[in-house]
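Engineer: One structure is given below, represented as structure tokens, and several questions about it will come after.
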Amino acid sequence: MRLGTENGRWAEIQRQMSTDGKWSGELEAQRKGGDTYPASVSISSVHDAAGKLTHYCFVFSDISQRRQAEEQIYRLAYFDPLTNLPNRAQLYSLLEQAILEAHRKQDHGAVLFLDLNRFKHINDSFGHSPADTLLAEVGRRLSHALRKEDVVSRLGGDEFVIALFDINRREDAAAVARKALAALAEPFFVENHEILLSASVGISIFPDDGRDAETLIRNADVAMYRAKQLGNSGYLYYSREMNLRSLERLKMEGGLRHALERNEFILHFQPQLDLASNRIIGTEALVRWQIPGQGMISPAQFIPIAEETGLIIPIGEWVIEATCRQLRAWLDAGLEPVKVAVNLSPRQFSQNLPRTVMGYLHKYGIPADLLEVEITESMLMHNADSVVAMMQEFAAAGIVMSLDDFGTGYSSLSYLKRFPIDTLKIDQSFVRGIPHDANDSAIATAIISMAKALKLRVIAEGVETESQLDFLRAAGCDEIQGYWFSRPIPADPYAQLLRETNGT
Ligand code: C2E
Ligand code: MG
Ligand code: MG
């Protein structure tokens, strides 16, 4: 017998032996053949008649079986033997722990209560054992469909609970519910029979619908029951208001998927006025979604959904192409060439973006200095090195870059040095308070003088009144954009305004 594998503990054992003359505990022991096993060991010192230490006496026993039994008891206590998922007890303890954490970080969480539809029927017609196999497969599919951080557990019967601890927004829980339902929509095979399953899901949100595991699970259960009564195997939130929000979102998401092929996007243009010359020196292209019979939807409403679903990539590309196409039409019509800015969303960022942009400039024969791209601070923070590379490509091609919504992001100052930016756009939230709000006025003034020091141009967004304009002019702002001069307008009225203002 050897006890050589836990060297680290010998010092501790020896210390105790020298003071107490004995030690007992569990150690990893090794057989002569080299394999190891857990051993319960007690060691005592043996002294001769003169009190001199002569021997140690080891008593040990192999406790492998006891360990296995303990592990089994642990598994039985905290895991569901059928699916190997955490059981009710484990779910409660995980949830309580996560709730403490969420309280601290002021996070959201969600509990999804999933119940299979007509499972009793399957149980009755196939018998227990096939039904068990089916449940195990359901557990496997749910775990696979979700992320590692999400907890999938089985409460018993055909009831599963999914706990989401790190959702950004309450609406995200619906996306997870759809994913879980989609995972069960594929046919199951049991004993050569194809079985189609469906389920109903109820969602409760932390902290809105409950602040402890018990309440969250109960409310998710209530919502599941309502979903089941509606009978169309879907999901429902516990709160009515969340259901309305999620329905609206779903409708919008569906429509957005078809908006491109149905040609429902148009561009509006908002002129930018140079304060020194009183001429229009640029314009911002702002996308609009026009659904026949429903009017215009603002990008503030649909861009976040497009970003979340990835639809921003084709939509963003459409904006770039439509801008180039419009520029071509204006050039052909003899309109004074004035640069147009397009907004780029952080999700659009990719190594290929400069190539895509250059491709459209080339296709429509547009000089690169007529295009400007607006990026946000969050894009800069993304993955700085690759963003720097992308911006250098833009700069090398002669494309102007401006930093949109400046002042609303983080660590702006250190970024300004690293990136080849030409213009800062003072966010409208600061312009709004000018000149009455002392803080807003001070921030705007500071941004302007900082931009001057860094040799950047500066434009104020959202200028609505004459007094805002006067203040900004006095503070040294170069350019303004806002309702005071013009709202975003369609291409033709914009061209008209450009001719009148610039006298060309
Ligand atoms: P942004 O780029 O900061 O655009 C300025 C927004 O402020 C526009 O809203 C514009 O209509 C509005 N605005 C301009 N002047 C004034 C004013 O004097 N007062 C007030 N209250 N508002 C003013 P819009 O067109 O609704 O666009 C909202 C945001 O949607 C944009 O903010 C931009 O972030 C995003 N967006 C718009 N078009 C696109 C696009 O083609 N691609 C991407 N990725 N985002 C876009
Ligand atoms: Mg913008
Ligand atoms: Mg802005």
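No lab work stands behind these numbers, since they all come straight from the coordinates. Every value quoted in this text rests on a predicted model; they were computed, and no experiment measured them. As a convention, Cβ positions derive from the backbone with ideal geometry for all residues, glycine included, and neighbour counts pool all protein chains shown.
Engineer: Below 8 Å between Cα atoms, with a sequence gap of 6+, how large is the relative contact order for segment 364-475 in percent? Write down the numbers at each step before the final one.
Structural biologist: Working: 145 pairs, mean separation 24.9, N = 112.
Relative contact order for segment 364-475 comes out at 22 percent.
Engineer: Report the full-extension gain for the segment residue 422 to residue 500: residue separation times 0.36 nm, less the Cα-Cα distance, to one decimal in nm.
Structural biologist: 25.3 nm
Engineer: List the residues, sorted by chain then number, that are 5 or more residues from residue 464 or on another chain and whose placed amide H is less than 5 Å from its amide H.
Structural biologist: 484
Engineer: For the pair residue 356 and residue 16, how long in nm is the line joining their label points, each one 7 Å along Cα→Cβ?
Structural biologist: Calculated label separation equals 6.4 nm.
Engineer: Here is a follow-up. Which percent of Cα pairs goes in each bin when the distances of segment 381-504 are cut into 5 angstrom slices starting at zero?
Structural biologist: Spelled out bin by bin, segment 381-504 gives 2, 10, 18, 19, 17, 15, 12, 6, 1 percent.
Engineer: Oh, and also: Kirkwood-based Rg over Rh for segment 80-238 (C-alpha set), two decimals? Numbers along the way, then the final one.
Structural biologist: On the way: Rg = 15.1 Å, Rh = 15.6 Å.
Ratio of gyration radius to Kirkwood radius: 0.97.
Engineer: Further question on the same structure: What value does segment 2-68 have for Rg/Rh, both radii from Cα atoms and Rh as Kirkwood defines it?
Structural biologist: The Rg/Rh ratio comes out at 1.03.
Engineer: With the dipole of the chain worked out from charges on the C-beta (+1 for Lys and Arg, -1 for Asp and Glu) around the Cα centre, which of 335, 296, 187 lies farthest toward the positive end?
Structural biologist: Toward the positive end, the furthest listed residue is 187.
Engineer: How high is the FRET efficiency between residue 190 and residue 384 when r is their beta carbon distance and R₀ equals 45 Å, given to the nearest 0.05?
Structural biologist: My answer for the efficiency is 0.30.
Engineer: If you bin the C-alpha pair distances of segment 1-139 every 10 Å from 0, what whole percents do you get?
Structural biologist: Here the calculated profile for segment 1-139 is 9, 21, 19, 18, 16, 11, 5, 1, 0.
Engineer: Using Cα-Cα distances under 8 Å and only pairs 6 or more residues apart, what relative contact order does segment 2-68 have, in percent?
Structural biologist: 25 percent.
Engineer: Which order, highest average first, do 256-263, 77-84, 15-22 follow once you tally other Cβ atoms within 10 Å for each residue and take the mean per peptide?
Structural biologist: 77-84, 256-263, 15-22
Engineer: Using 1/(1 + (r/R0)^6) with R0 = 51 angstrom and r between the beta carbons of residue 296 and residue 74, what's the FRET efficiency to the nearest 0.05?
Structural biologist: Efficiency, from the Cβ-Cβ distance: 0.25.
Engineer: Using only the alpha carbon atoms of segment 129-218, find the Kirkwood hydrodynamic radius as the inverse mean reciprocal pair distance, in angstroms to one decimal.
Structural biologist: 14.2 Å
Engineer: While we're looking at this one, here's another question. Given the convex hull over the Cα atoms of segment 258-502, what projected area results after averaging over all orientations, in nm²?
Structural biologist: Taking a quarter of the hull surface, the average projection is 13.3 nm².
Engineer: With an 8 Å cut-off on Cα pairs and a minimum separation of 6 or more residues, tell me the relative contact order of the chain in percent.
Structural biologist: Numbers: 810 pairs, mean separation 44.4, N = 504.
RCO, the chain: 9 percent.
Engineer: Next question, about the same structure. Might you report the magnitude of the Cβ-based charge dipole of the chain about its Cα centre, with Lys and Arg at +1 and Asp and Glu at -1, to the nearest 20 debye?
Structural biologist: Dipole magnitude for the chain comes out near 720 debye.
Engineer: Exactly which chymotrypsin sites (Phe, Trp or Tyr not before Pro) in segment 391-460 are in a DSSP loop and have at most 14 other Cβ atoms within 10 Å?
Structural biologist: Those satisfying the criteria are 410.
Engineer: Mind checking which of 315, 76, 493 is farthest towards the positive end of the chain's charge dipole, using Cβ charges of +1 (Lys, Arg) and -1 (Asp, Glu) about the Cα centre?
Structural biologist: 76
Engineer: Right, something else. Please state, rounded to one decimal and in Å, the Kirkwood hydrodynamic radius that segment 176-269 gives when every pair of distinct Cα atoms enters the mean of 1/r.
Structural biologist: 15.7 Å
Engineer: Name the residue farthest towards the positive end of the dipole of the chain from the options 45, 165, 108, assuming +1 on Cβ of Lys and Arg, -1 on Cβ of Asp and Glu, about the Cα centre.
Structural biologist: Final value for the positive-end residue is 45.
Engineer: Computed over the Cα atoms of segment 223-360, what is the convex hull's projected area averaged over all directions, in nm²?
Structural biologist: Mean projected area for segment 223-360: 12.4 nm², to one decimal.
Engineer: Give me the dipole magnitude in Debye, nearest 20, for segment 47-170 about the Cα centre, with unit charges on the beta carbon: positive for Lys and Arg, negative for Asp and Glu.
Structural biologist: That gives segment 47-170 a dipole magnitude of about 260 debye.
Engineer: Return the ratio Rg/(2.2 N^0.38 Å) for the chain, where Rg is computed over Cα atoms only.
Structural biologist: Values: Rg = 33.3 Å, N = 504, 2.2 N^0.38 = 23.4 Å.
With N residues counted in the chain, Rg over 2.2 N^0.38 Å equals 1.42.
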